[in-house]
Structure formats: structure tokens, C-alpha cells
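Worksheet: one structure, shown below.
The values are calculated or read from the model by the stated rules, or taken from the named source; none is laboratory data. Given the structure is predicted, the values throughout are model-derived calculations rather than measurements. As a convention, Cβ positions derive from the backbone with ideal geometry for all residues, glycine included, and neighbour counts pool all protein chains shown. We work out accessible area using only protein heavy atoms, side chains counted, and drop any ligands, DNA or RNA first. Shrake-Rupley method; radii C 1.70, N 1.55, O 1.52, S 1.80 Å.
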Amino acid sequence: MPKVVKFGGSSLASAAQFQKAGEIIRSEKSRKYVVPSAPGKQDSKDIKITDMLYLCYEKASSGRDYSEEWTFITSRYEEIISGLSLTLSLAKEFEIIRTQFEAKVGKQYAASRGEYLNGLIMAAYLDFEFVDAAEVIFFDREGRLDMEMTNTMLYERLSVLPHAVVPGFYGSDPDGRIVTFSRGGSDITGSLVARAVHAELYENWTDVSGFLVTDPRIIKDPAVIETITYRELRELSYMGATVLHEDAIFPVRSEGIPINIRNTNRPQDPGTLIVEDTCRHPRYTITGIAGKKGFASVTIDKAMMNTEVGFCRKVLQVFEENNVPIEHMPSGIDTLTVFVHQNEFESKEQKILAGIHRAVSPDFIELESDLALIAVVGRGMRQTRGTSGRIFAALSHANVNVKMIDQGSSELNIIIGVRCHDFENAIRSIYDIFVNTQL
């Protein structure tokens, strides 16, 4: 069974990085299908090709001079080609792209060209067949992925090719226009290819040695997660963990194909294996910690609210009518608290408050802003007593005031609400109690 390998932008930012990717691909004959991203940053001061393509298109479509940006783009690709000692010329492709930019063909077309050009280089470097993603990945007219048509076309095209390169991040709609996924969408392309070819494994090569227990900007050198389930990953991705695009899970999940997050610069590291389920015991009680800032809470207090049929529905309907999604809704006998994104709520807060008063006639309503939500996720929590108690103890010791705690019925995650200024301290204290201390 074949393996599908996807390489991120940092893994293909230069000729030297291309050579590392080539060595990885050639080291195993089962690595038959390759999904490349556009060149990323070579260092912290560099600019991603996709960002430069957006800027270049903006200037070109508005009639402004874009020669500086265009030179940056073409030079980067020419440097990679030269560094790989290829005879490939992209002059024709560059001319087509310029013409399309000036014809105002669209931002999504512009953004997709980074992957398209890198795909041509990768195919020439490996001597693999190049398959344009626009010919095998399809969206409907509303921009939604047509999963089944895509799977059928990918299978028909790739099943007769022993090796192929399919550029990530984009496809096409019924009119042939280029449509892109959201940023990081090359991960989804790799997942779609893996499903179509019934891959043994989907390897996602990046610049970290797997999925980390928590944010390395908060904890120095956090531990690597050895094995994580799709469900755990979804919870962590939703709360801000960004190694893999969260939508990349769905295509492979339907086929039971594992995903392996690997480090292009340290191919000897085993990385993180993402699976549907596993009998392997996690190294720690928790699998990971992730969180987001920028929430507000709306607490509704009314005596005997628990006896009012439809109380929660009426409150939620007010948020729905104002197009404000909710995140969490912990409740007590006489209180109900709704957590929402602060930036979505602020401009509509008075309208929502008035709507709640009309809907349920509360005794009073209290608002609180500048809150953060932290997700503590782990399949090991189901077999471990006192997990919530240890979290409370750790936060108390760190002088962090808990505004909300909510545990799902699956016992897979615990959500904690804290003030934004306590966010980093809270994550450090939770990491310390479960990873460093391991009581």
C-alpha cells in the first residue's frame, strides 16, 4: 500500500530544503504520491510566497507597479531550480500568471500559483508525473468541497500512475475557476489524496517533530505527543493548536488512515501518530493543552429558571437572531452563562441584552469581558480519578481565579475559563502538574 507525503512551506522554502524532502521520499519506495505547499519563509525576516502573490495580485489588478514583488517571486523559484541543477524553465508559466493577474482573474487564482509552481519543480526534481489539482479536486459554486466527486476523480487519475505530484491548497469549481482552501489547506489536499489511493499512511512533513503538548511560545521545549486520536486533535485544533489543518482529519478518518506528523529537518524523529483510536496508554494523563483569548460571558440570573420550560432555547434564539455563535453554556439552578467571542458580541451587546429581557424576563444580567478559554484534552482522563481536582489545585497554587469549568460527557476534555491576563500562567501551571510533576 502506498504512502502519501505532504511537505509544508518551510520544508520547501529553498533548494536545500527540497533536497531534504527528496531524500525522505526516495528513502522509502512506498512514498509514491507527493503534495507540496508553496515556498515558505527561509528565516524569520523572509516573506512567504503566498503572501507575496496576494500583494502582487492586488497591485497588478489595480494597475499599480508590481515589478518588485514579481521579481521577488520569480527569483525565489529560479534560485530553487538552479540549486537543484534542473533544466526546467517556468518562463511560460510566469507569463500566463502575469496575464491572468492583469486580467483580474481573482485572488484565489493568485494564491494558488505558489503551490502550482512548486509542484512543477517537485515533479521535475523527482521525475514524477505532475497532476494539476484543478483537474482532480472540485468545489461547488458556493465554494464547498465536493468530496465524492473529488475522491472519484483522484482515484481514476492516480490509480494508473505509479508516482505523482499533486500541488496542495486548491481545486476548481464547475466553471473551471480556481478555488482555494483556507490557509494551511495543503493538509486537506494530502488527506484527500491519501483517501483516494487507499494509503497505508499519510505523512505530513513540517518543521516540528510532531504535535506538542502545548504552545512552545508559553512552555519552553514542551513534550511531544506520541499518539493522539482524531477526536483529541479536533478538540485541540479548535482551541488554537495549529500543526495540522483541522479539516484534514475528515477524509482520512472515513478510511481509517493514520496521519504521521514528521520533521523534515529531523527525519529520524518518529513524530506524532494521529489515529482513529488506540489501545496505547498515553504517556501523561492529559494529551494536550490549548486555548484562545478574546471571549466575553453573559450571565443570566432568574429565580426558579429551572422550572421554566424552553428557557435555554429562548435565550439561545436571541443569540441566533443576532448571528452571534456561542462557545459554551454552563448553568446552575438559577443561573445560565453564555460564552461568546468578544469581537462578535460587542457591537450587538445592547440589542442582545434587550432581546434576552423580552424573551425570559431575567432578574438581572451580568457581562464580563477579556476572558480566555483553555482546553485540557486527553483520553487518559477517563481512567484517572481527580483530574479536575488537580487542575483546580494547580490553578489555585498559581493564584489563577477560575471563571468557569465545563467537562464534556465523553470525559475527553475539560474547558476552563480564566481572565486573559492569567492565560499563560494557567497553561504553565496545568502543564507543570501533569507533565513535569506527574503526581
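Some points to look at:
- Scanning region 368-401 for residues that are modelled with pLDDT under 90 and within 24 Å of the chain's Cα centre (by Cα) yields Gly378, Arg379, Gly380.
- Test set (1) buried (at least 18 other Cβ atoms within 10 Å of the Cβ); (2) of a type in the set (Gly, Ala, Ser); (3) at pLDDT below 85; (4) assigned to a loop (DSSP other than H, G, I, E, B) - Ser237 fails condition number: (4)
- Against the test of being open to solvent by 80 Å² or more (accessible area, probe 1.4 Å) and within 16 Å of Gly114 (Cα to Cα), the options Glu69, Glu78, Glu93 yield a single qualifying residue, Glu78.
- Residue match in region 402-422 (condition: at pLDDT 85 or above, part of a helix (DSSP H, G or I) and closer than 18 Å to Arg382 by Cα): no
- Answer from Gly171, Gly185, Gly176 - the residue that is closer than 24 Å to Ala124 by Cα and either surrounded by 24 or more Cβ atoms within 10 Å (Cβ to Cβ) or more than 18 Å from the chain's Cα centre (by Cα) (or both): Gly171
- Listed by first and then second residue, the pairs with beta-carbon distance under 8 Å, at least 6 apart or on different chains, first residue in region 179-193 and in a helix (DSSP H, G or I), second crowded, with 24+ Cβ neighbours inside 10 Å and modelled with pLDDT under 90, are Asp187/Leu244; Asp187/Ala248; Ile188/Ala248; Gly190/Ala248; Ser191/Ala248.
- Pairing each residue of region 202-221 that is closer than 21 Å to Gly168 by Cβ with any residue that is open to solvent by 50 Å² or more (accessible area, probe 1.4 Å) and among the polar types (S, T, N, Q), provided the two are 6+ apart or on different chains, yields C-beta distances under 7 Å for Asp207/Asn265.
- In region 202-215, the residues that are open to solvent by 20 Å² or more (accessible area, probe 1.4 Å) and under 23 Å from Leu12 (Cα atoms): Thr206, Asp207, Val208, Ser209, Leu212
- Here the condition is being touching a residue at least 12 places away in the same chain (Cβ under 8 Å) and open to solvent by 10 Å² or more (accessible area, probe 1.4 Å); of Ala354, Ala359, Ala426, it holds for Ala359 alone.
- Selection within region 125-143 - in contact with a strand residue (DSSP E or B) (Cβ under 8 Å, 6 or more places away or on another chain) and either modelled with pLDDT of 95 or more or open to solvent by 60 Å² or more (accessible area, probe 1.4 Å) (or both): Leu126, Phe128, Glu129, Phe130, Val131, Ala133, Ala134, Glu135, Val136, Ile137, Phe138, Phe139
- Residue list for region 284-341, restricted to those being open to solvent by 10 Å² or more (accessible area, probe 1.4 Å), touching a helix residue (DSSP H, G or I) at 6+ places or on another chain (Cβ under 9 Å), closer than 30 Å to Ser429 by Cβ and at pLDDT below 90: Tyr284, Thr285, Met329, Ser331, Gly332
- Failed condition for Ala194, given (1) within 19 Å of the chain's Cα centre (by Cα); (2) at pLDDT below 95: (2)
- Failed item in (1) more than 31 Å from the chain's Cα centre (by Cα); (2) outside any strand (DSSP E or B), with Leu336 passing the rest: (2)
- In region 362-404, the residue that is farthest from Arg428 (Cα to Cα) out of those that are surrounded by fewer than 18 Cβ atoms within 10 Å (Cβ to Cβ) and of a type in the set (D, E, K, R) is Asp363.
- Residue satisfying all of: in region 15-58; polar (S, T, N, Q) and within 17 Å of Pro162 (Cα to Cα); surrounded by the fewest Cβ atoms within 10 Å (Cβ to Cβ) among these: Ser27
- Cβ pairs under 8 Å, 6+ apart, first in region 292-320 and closer than 20 Å to Ile415 by Cα, second surrounded by 17 or more Cβ atoms within 10 Å (Cβ to Cβ) and of a type in the set (Gly, Ala, Ser): Lys292/Ala372; Lys293/Ala372; Gly294/Ala372; Phe295/Ala372; Phe295/Gly417; Ser297/Gly417
- Residue identified as in a loop (DSSP other than H, G, I, E, B) and open to solvent by less than 60 Å² (accessible area, probe 1.4 Å) among Leu120, Leu88: Leu88
- Out of Asp51, Asp65, one residue alone is free of Cβ contacts under 8 Å to residues at least 40 places away in the same chain and in a loop (DSSP other than H, G, I, E, B). It is Asp65.
- Positions within region 144-168 being assigned to a loop (DSSP other than H, G, I, E, B) and open to solvent by 40 Å² or more (accessible area, probe 1.4 Å), in sequence order: Arg144, Asp146, Ser159, Val160, Pro162, His163
- The residues of region 222-251 that are among the charged types (D, E, K, R), without any contact (Cβ under 8 Å) to a residue 40 or more places away in the chain and either out of contact with any Ser or Thr (no Cβ under 6 Å at 6 or more places or on another chain) or within 14 Å of Asn263 (Cβ to Cβ) (or both) amount to a single one, Arg234.
- Annotation note: of Ser10, Ser14, the sole residue that is over 19 Å from the mean Cα position of the chain (by Cα) and either touching a residue at least 40 places away in the same chain (Cβ under 8 Å) or within 24 Å of Leu192 (Cβ to Cβ) (or both) is Ser14.
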